[in-house]
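Asks: Attaching a single structure in structure tokens format; questions to follow.
The values are calculated or read from the model by the stated rules, or taken from the named source; none is laboratory data. Being a predicted model, the structure only gives us computed values, none of them experimental. Please note: Cβ atoms are built from the backbone with ideal geometry, for glycine as well, and neighbour counts cover all protein chains shown.
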């Protein structure tokens, strides 16, 4: 079974203001990635970049956000 990850889950990976959500997002992504079940979309990656650089209480710098998108982009996309 495949697991589609939406923007919110990816943003939680970097949201230090919500440690419980951050921990759970990491658990889910790790679990499904190891099982080969993870799916993303290019739209989610675009939304993620905007959210982590503009909407977090402590936004990521542009280079860190870009690197995160590059790492996430290796996952299967639909």
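Asks: List every residue pair whose Cβ atoms lie under 6 Å apart, where the two residues are 6 or more positions apart in sequence or sit on different chains, the first residue falls within segment 58-78 and is within 19 Å of residue 3 (Cα to Cα), and the second residue, located anywhere, is in a loop (DSSP other than H, G, I, E, B) and modelled with pLDDT of 95 or more.
Replies: Taking only residues 6 or more apart or on different chains, the pairs are 77/41; 78/41.
Asks: Right, here's the next one. In this structure, is residue 39 in contact (Cβ under 8 Å) with a residue 24 or more places away in the chain and within 14 Å of residue 4 (Cβ to Cβ)? I'd like the intermediate steps shown before the answer.
Replies: Details: in contact (Cβ under 8 Å) with a residue 24 or more places away in the chain: yes; within 14 Å of residue 4 (Cβ to Cβ): yes.
Spelling it out, residue 39 is indeed in contact (Cβ under 8 Å) with a residue 24 or more places away in the chain and within 14 Å of residue 4 (Cβ to Cβ).
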